[in-house]
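Heads up: the structure comes next, in C-alpha cells.
Computed from the coordinates by the stated procedures, all read-outs in this text should not be read as laboratory data. Computed from a predicted structure; not experimentally measured. Positions of Cβ are generated from backbone atoms using ideal geometry, with glycine treated the same way; all protein chains shown enter the neighbour counts.
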Amino acid sequence: MIIKIIGGRVIDPGQNIDEISDVYIKNDKIIHVGLSKPAGIEREKDFKIIDASNKIVSPGLIDMHVHLREPGHEYKETIETGCRAAVHGGFTAICCMPNTNPVNDNKEVTEYILKKAGDLNLSRVYPVASISCGLLGKKLSEFSHLKEAGAIAFSDDGHPVESSLFMRRALEYAGGMGLFIISHCEDLELADHGVMNEGDVSTLLGLSGIANESESIMVMRDIALSKLTKTHVHIAHVSTKESVIAIGHAKAAGISVTAETAPHYFTLTDKAVLGYNTNAKMNPPLRSDEDREAVIGGLFDNTIDVIATDHAPHAVIEKELEFDLAQNGIIGLETSLSLGLKLVHENRLTLFALIEKMSTNPAKILGLETGVRPGIIADITIIDPDLNYTVCLKDFYSLSKNTPFDGWQLKGRAVLTMVGGKIVYSEL
C-alpha cells in the first residue's frame, strides 16, 4: 500500500525545506516528495490518502531525555505506557534514562528495554546507559558491552558525577568508542539538600533554596573537561542564565558541547511553587523570570540545541505529601510540543527552529538519520499548529499524572505520528 500525505506544509530543517508538498510512502520508506506524481505510481492499486492541508508535515520528533521507569518502577510508568504517551505527543523516537531498578549499567537491562520496546512497535526507544555502576560514581560501567547491546549514550542522570577525574575518564572512554556523555550538572554540596530555587519565593515559603551556581559551576567544569578530552558532552536540562552564558562561550571557542532544556524551564518560573505545589517541584528547580528569559534567548540564538522533556513520571503517593518529601519531576511527553508551539505563537521562536530543536538537532547529536526526503525511513509527525484544546489528564496515555499544566488552554499539537511507515497514532 502507498500512503499519500497531501497538501501539507513540509518543514525539514535538515534540508532547509519549508514548502507545500505531497509525501508518498511505500512500505516503510518515503519514495517521493513533491507536487508531481512519482514515476510508476499509476500501477499501484492500494492507496491511503491523508489530508494534511493547513498542517505541518515534519520529520518525526525525537526526545533525548525520558524516564520510562521500567524495569523496577512499573507503578509509575512502563515501557508500553511511556511509548504510547510518546506517540500521542508526536514523538517517533525517545531516549530512556538509566535510573531504573536494576540500573541500566549492564547489557541485560539494555537488551530487555530494546526487546520490550521492539515488541510494541510504537515509538523507537534508544537506551541511555549509566556512566557508573549503580549510579554511584565509583566504577565505570562496561561501556563497550553496553554499546554492543544497543546503548546510544551514557549518563548518570539524576546523579551528578561529582569527581572531576571520574568524569574525565568517562568522557575519554565514551569518546574512544564514538559515543558521548549526557551530563546532569549539579554540585550537591552547594545545593545542600535544597528543594526549590533560591530566591524571594523560597524565602516567602520557608523552603530551602538551590542557588543557580549549583548548576552552572558543574556546567563550566564539564565544558573544561570536554575541552581537555576533546570529547563531546551534552548538558542536560539547562535552567539558569549562567549556564546559558557558559555554553555560549564554549561554543564560540569551538568546544564540543551541546545542550538541551525542557519546556517547563521556558514556560514556568519558581512562582509556580506558590501554594506548595509539588507538581512544580523538579531538579533542577524552576528558576526566576530572568533565567526563563535567558533560556528562551538560548533557544533563539542556538546556544541551546535541543528541547527535551525530562519526562519524569511519579505516582500520586509520591507527589501528594509535604513539599520537602515529594519526588522531583513532571511528565512532559504529551505537552512538550504544545508548549514549544506556545513560543512560536508568541513570536519567540520560529516554527522552523522549533522542529529543528525537537527533531533535526537531536537526530544529529544521536547520529540518527531523519528527514522528509526520498529513500529515508518514514518517521513522520503531522502537526496542527492552530488546534485549540484544554490539557486534560484523563486524555493522557502516561501512567502517571504529575503535571502542572492540567487545565491549561494550549494551541497546537501532533495529530498523526508515523513510525517506519506505520501510523501509530492519529486524529485524522
Of all GluC sites (Glu not before Pro) in the stretch 167-196, which ones are in loop regions per DSSP and have a Cβ with at most 10 other Cβ atoms within 10 Å?
-> none
FRET efficiency for Asn27 and Tyr75, Cβ-Cβ distance as r, R0 = 30 Å, nearest 0.05?
-> 0.20
Those trypsin sites (Lys or Arg not before Pro) in the stretch 35-88 that DSSP places in a loop and that have at most 15 other beta carbons within 10 Å | Lys45
Quick one: Karplus J couplings for the stretch 79-89, per residue in order, coefficients 6.51, -1.76, 1.60, θ = phi - 60°, nearest Hz, x for Gly and Pro?
-> 4, 5, 5, x, 5, 5, 5, 4, 5, 4, x
Would you mind checking the pairs Lys251/Lys342; Lys107/Lys251; Lys116/Lys357; Lys4/Lys357; Lys241/Lys364 and listing those with alpha carbons more than 32 angstrom apart?
-> Lys107/Lys251
Full-extension gain in nm, Glu19 to Ile317, via 0.36 nm per residue minus C-alpha separation = 102.5 nm
The equivalent-ellipsoid semi-axes of the stretch 1-138, taken as the square roots of five times the Cα gyration tensor eigenvalues and listed largest first in whole Å, are 38, 16, 13
GNM, the chain, Cα, under 10 Å: largest mean-square fluctuation among Ala326, Ala129, Ala85?
-> Ala326
So which GluC sites (Glu not before Pro) in the stretch 1-71 pass both tests, a DSSP loop state and at most 11 other Cβ atoms within 10 Å of the Cβ?
-> none
The size of the Cβ-based charge dipole (Lys, Arg +1; Asp, Glu -1) of the stretch 267-342 about the Cα centre, to the nearest 20 debye, is 160 debye
To the nearest 20 debye, the chain has a Cα-centred charge dipole, built from +1 on Lys and Arg Cβ and -1 on Asp and Glu Cβ, of 1320 debye
Within 10 Å, count the other beta carbons around each residue, average over each peptide in 142-151, 219-228, and list them highest first.
-> 219-228, 142-151
Fully extended contour minus Cα-Cα distance, from Ala253 to Gln409, at 0.36 nm per residue | 52.0 nm
Size of charge dipole - the stretch 68-164 - debye, nearest 20, with Cβ of Lys, Arg +1 and Asp, Glu -1, no other charges | 120 debye
Under the 7 Å Cα-to-Cβ spin-label approximation, Ser53 and Thr350 lie apart by a distance in nanometres of 2.7 nm
So for the chain: antiparallel DSSP bridges make up what percent, rounded to the nearest 5?
-> 50 percent
Estimated vicinal HN-Hα couplings, Hz - the stretch 195-212 in sequence order (Karplus 6.51, -1.76, 1.60; Gly, Pro = x) = 10, 7, 4, 7, x, 4, 5, 5, 5, 4, 8, x, 9, 5, x, 10, 6, 3
Cα→Cβ-extended label distance, 7 Å offset, between Glu172 and Cys392, nm | 5.7 nm
Once label points are set 7 Å from the Cα along Cα→Cβ at both Asn302 and Glu148, what is their separation, rounded to one decimal in nm?
-> 3.9 nm
Asp63's amide H: which non-local residues (gap 5+, or another chain) put their own amide H closer than 5 Å, with H modeled 1.01 Å from N in plane and none for Pro or chain starts?
-> Ala93, Ile94, Cys95
